[in-house]
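What follows draws every value from the coordinates through simple rules; no lab data is involved. None of these values were measured; they are calculated from a predicted model. Virtual Cβ from ideal backbone geometry, glycine too; neighbours counted across all protein chains shown.
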Amino acid sequence: MSMTLELTEQPEISADVSVDLDRTRQPQYGRYLDELEPGQVFEHPRGFTFDTGNMLNFARTYMQTNPLYLNAQYARAHGFADLPASPQMVFNVTLSLGVQNDSEKAIANLGYYQVQFLRPVYPGDTLRAFTKVLERKDRGPDKPGITRIRTVGVNQRDEVVLQYERKIMVGWRGERLPTTPAPQVQVAFPGEDNPCVELPLVQSAVSPGLTGPNTYYEDFAPGDIIVHANGRTITEEHMALTYMVGNSHPLHFDRIFSSGLSGKMSGEPIDYGGLVFAWLDGLASRDVSENAVWELGFTEGYHTQPAFAGDTIGALSRVLAVQDAPGAEHLGIITLQLIGVKNISAAAALKQHGADLFLKEDAKRALGKEKITDKIFEIERRLLVKRRPA
Amino acid sequence: MSMTLELTEQPEISADVSVDLDRTRQPQYGRYLDELEPGQVFEHPRGFTFDTGNMLNFARTYMQTNPLYLNAQYARAHGFADLPASPQMVFNVTLSLGVQNDSEKAIANLGYYQVQFLRPVYPGDTLRAFTKVLERKDRGPDKPGITRIRTVGVNQRDEVVLQYERKIMVGWRGERLPTTPAPQVQVAFPGEDNPCVELPLVQSAVSPGLTGPNTYYEDFAPGDIIVHANGRTITEEHMALTYMVGNSHPLHFDRIFSSGLSGKMSGEPIDYGGLVFAWLDGLASRDVSENAVWELGFTEGYHTQPAFAGDTIGALSRVLAVQDAPGAEHLGIITLQLIGVKNISAAAALKQHGADLFLKEDAKRALGKEKITDKIFEIERRLLVKRRPA
Amino acid sequence: MSMTLELTEQPEISADVSVDLDRTRQPQYGRYLDELEPGQVFEHPRGFTFDTGNMLNFARTYMQTNPLYLNAQYARAHGFADLPASPQMVFNVTLSLGVQNDSEKAIANLGYYQVQFLRPVYPGDTLRAFTKVLERKDRGPDKPGITRIRTVGVNQRDEVVLQYERKIMVGWRGERLPTTPAPQVQVAFPGEDNPCVELPLVQSAVSPGLTGPNTYYEDFAPGDIIVHANGRTITEEHMALTYMVGNSHPLHFDRIFSSGLSGKMSGEPIDYGGLVFAWLDGLASRDVSENAVWELGFTEGYHTQPAFAGDTIGALSRVLAVQDAPGAEHLGIITLQLIGVKNISAAAALKQHGADLFLKEDAKRALGKEKITDKIFEIERRLLVKRRPA
């Protein structure tokens, strides 16, 4: 069925409609602390369709080196149905889908927890996201508080592809304009309590030349520290890249907003942390993950300092554990700590700060240590990695 | 049938060909006022193939929030054959296809008139464009004059997808180098005199959570003023984005050209106006158009001040009219005025300038009012919008 | 076959793994002069999958005007199976695939030689690359030397699509960290000794309006000098674009690396030369190559000065030869010299430097002439071009 509309010549009419300033509204997005109730479930707007071009683009922009995300022939040879989206893209898109509702009014992103990748995302897939409010900690009226939320990304078959928790710091609404009304009808929250990942079990016959010789499971032992040689200078590109994944927080692309803030956030737009993490992951990738077949997830992660256009970032990894992969003799699991620094090379940062670089920033006060101001990120991650072919 | 060419080793030969500076030519593109004749029809070079990746890219870069342009599943649920290109992309591409012939020698783009969107553009479609010279107003030899032109964009089935008029200010050629010769054979002009748009009539069963709760037809009443919260800082990205849609005017990406101009245009490359309009549309979209199923067109629009890399732009909308959509009970038509400002937030601009912000800049002299220098754009547009689901 | 892994809640473990700085490694990529042996063959990592979106993106970013790379309908009408990747994209990607092994430790890229395009690359194709070390010229221990290498790009059917030679200047490893080990098993080198290109032989019925009227074979005569009107200001975009084609040399995107160098390379990241060449080719294209159906190759080419973010580049072409295309009466071959300049318009550069602009920079010392510091590039190229339709 279809409708037909005539497109006739239109006269201008604005001069005929008198301006009444009392009829002004200024819609607000995000939620203030007093607008969030534990148990609430939000379905996020938009959705995000993945396509081959932008998946390749994302992997290349963030300096990914695992051929799984760059080379469709390689991905298929490993049993994947097509080129899978890089985990960083799936994570960034899902985080961004939630911003307009969850965190466009947030003051700070405090951390990522128990991030789990459950299924591949392929070209043509469309992700939607849902958030459940788990907890809300008030520190009294008009004082910013902390909310803990759980978010899932689902594909067009309603299968969960990613789930995680976040803590965010949010201000009290007080006298400010209300945000868009919460939905009246409660929707079901699709998070999985006993998540599993099902992966193709193919010992690929691809040429071993497509990945480096030193990044198989056997090349990692607990305690190994790996300094990643190259850094990346972030340019003003970060503003466009923020919206490319759908993140609508003006802190990242609206200089009038960012310079109008009070306190230490005031100034140039701050790089969206998800992009910084993606670059750090990419800078590390040729040394630690180019032979990975799956990113199992991130345990806990923190942006400990912001980054801005003009900053050059670098990365270090430390091996925390290695273990067999149940049911897959040709694979193993490695657990890594990933550390990011800025405006100092990774090698110089290690020389200057030594073991303290790998200490959680939040643990330093109790140990009587100073925070490291050129350290920008810390996270633990687990990868499923190929063993060296016979 | 095919041909086979041997690729043999080539010697360098440049040293053997003597340099004769009298053999120099400097091809020129665009048309001067004295090179344009009313009735002339030009077929524009190149053509432009649309693909899913760049359509999604465009929608995301320009901060579009209507899922119709971001979510292929949503688009199909509304009866579209696939993800349609956003109207701003179709408009920008068609404008740009015409630049090399119509306006690469233009001094100023004076306005858009009766822009009409006739058909969706889908991935795989290839657009070409044609322009007919309607009018030419000379103000005497050697003085810049104004030409009125009509342009259409057609797809690979020769169906019109877009048509509009523009007025541009163009200089007199005089002693300058001639431009590429006009075609000898007159081509037919494919513009439609009684344009209609045929749209799928599907009351989608998609989750209402994919769009906001406050942007249905019922949410708009004539006189409503809507201040869009976020702004966008434009970076030097605009130079690359200009060529990404195929616009070849050096004013937008060649600093030697732009800084070599005389008068008030001299200096940094100026943002191509089509990009500025696309961002303003995107900034407004979550408040006014995320539930739209079609952009019917733009009545008249003007770039009243240029924008440059480093500027932060903001947007306001005003509802001018609401009316039923003939033959579609679940839809309605809203007419909006869209206003752009720069280097001031939309809220601050409204506070400072009040009702004058909505007055056409060209009308101000007659009213004894000053032009608003931080206002950059004004247009009237009509949208076909969903009514709130029962 | 597949495997299932449970994703259980993970505790943080970094605090339990003591930090031992003696366990640090810093993997290095590229090869030092003393690590290269004539006869060695390297298979390059990653591979690169082409898709329609990024092929169109590349052509548009670098200002290509030949509809063959912009308009899928036009490409098919000329007998191509689909939109072919632009030669500049195939060249840039193949060069970049080789960087991590061949030139990430290079001090300078000295030149391109006998670049030959053998087959079209279509959406969905995946390229890999191989390099053979041809020659190594030492100038004594610890002094940088020159290596001559041969590289081929092959598609997923192991067909060669591109091959060329390069000379690069590389330092001696000496006391520095070793790079990743060379492969133990020698791989075969797929270069073709008697290369041919097989092309569709279709006299297209497309509208002649899709290309300009002045760029057919008959429009070129040996000695013609063509000044390309527009320039392009390169922004910091070049850092992202470098990785978009997969080039991993930190000189182009890591300010800590580039500013830490000694000598005249020290400072801001230098534009990757392949991108500069692509822009120069694009700036020239509407005057010389928009009616080309194949780029046969580049004879010799040199980047004679570096370019940086902020520079504006321009281009000139000179016709060196015209000849019949064996077996194709509707086509001809033109040989062109392409010259790049920066921070001066092409027209002004010709006025200032005259015939010397077309003299190879390396030949100048012998002639008692100064090098031209605002000249950045010189190359000879051969194009297969349509004759003017009857």
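For the reader, a short list of remarks on this structure follows.
- Given charges at beta-carbon only (K, R positive; D, E negative), |dipole| of region A:1-137 in Debye: 900 debye
- Dipole orientation for region C:247-322: of the candidates C:250, C:266, C:292, C:266 has the Cα lying most toward the positive pole (charges on Cβ; Lys, Arg +1; Asp, Glu -1).
- The shape of region B:174-275 comes out oblate: with a ≥ b ≥ c from the C-alpha gyration tensor, a/c is at least 1.5 while a/b does not beat b/c.
- Cα Rg, Dmax (largest Cα-Cα span) when computed across region A:20-88, Å: 20.5, 65
- Placing a label point 7 Å from the Cα of residue B:202 along the Cα-to-Cβ direction, the residues of region B:275-314 with a backbone N closer than 20 Å are B:290-296.
- For region C:15-148, relative contact order (Cα pairs under 8 Å, six or more residues apart, normalised by length) works out to 39 percent.
- A Förster distance of 35 Å, applied to the separation of the beta-carbon atoms of residue B:184 and residue C:135, puts the FRET efficiency at 0.05.
- When +1 charges are put on Lys and Arg Cβ atoms and -1 charges on Asp and Glu Cβ atoms, the dipole computed for chain B relative to its Cα centre reaches about 1120 debye.
- Label point 7 Å beyond Cα of residue B:13 along Cβ direction - residues of region C:84-101 with amide nitrogen under 13 Å: none
- Closest approach to the axis - chain B beta-carbon, rotation onto A, Å: B:53, 2
- Positive-end extreme of charge dipole, chain B - chosen from B:234, B:95, B:353 (charges on Cβ): B:353
- Computed over chain C, the P(r) curve from all C-alpha pair distances, binned at 10 Å from the origin, holds 5, 21, 30, 25, 12, 5, 2, 0, 0 percent per bin.
- Per residue, chain A reaches -5000 deg cm²/dmol at 222 nm when only DSSP H runs of four or more residues are counted, each adding -39500 (n - 2.57).
- Within the shell defined by Cβ-Cβ distances under 14 Å, the residues around residue C:370 carry a net charge of +2, with Lys and Arg each +1 and Asp and Glu each -1.
- For region A:1-158: rounded, prolate or oblate by the Cα gyration tensor [a/c cutoff 1.5]: oblate
- Averaged over C:25-36, number of beta-carbon atoms from partner chains that fall within 10 Å: 3
- Global geometry of the protein assembly as shown, whether rounded, prolate or oblate, following the gyration tensor of its Cα atoms and the 1.5 cut on a/c: oblate
- Order of B:380, B:218 - criterion: other Cβ atoms within 10 Å of each residue's Cβ, fewest first: B:218, B:380
- If the convex hull is drawn through the Cα atoms of region B:255-330, its volume per residue in Å³: 125 Å³
- Set of lysines with alpha-carbon distance to residue C:360 below 17 Å, sequence-local pairs under 8 removed: C:167, C:342, C:369, C:371, C:375
- Dipole magnitude of the protein assembly as shown about its Cα centre (Cβ charges: Lys, Arg +1; Asp, Glu -1), debye to nearest 20: 1560 debye
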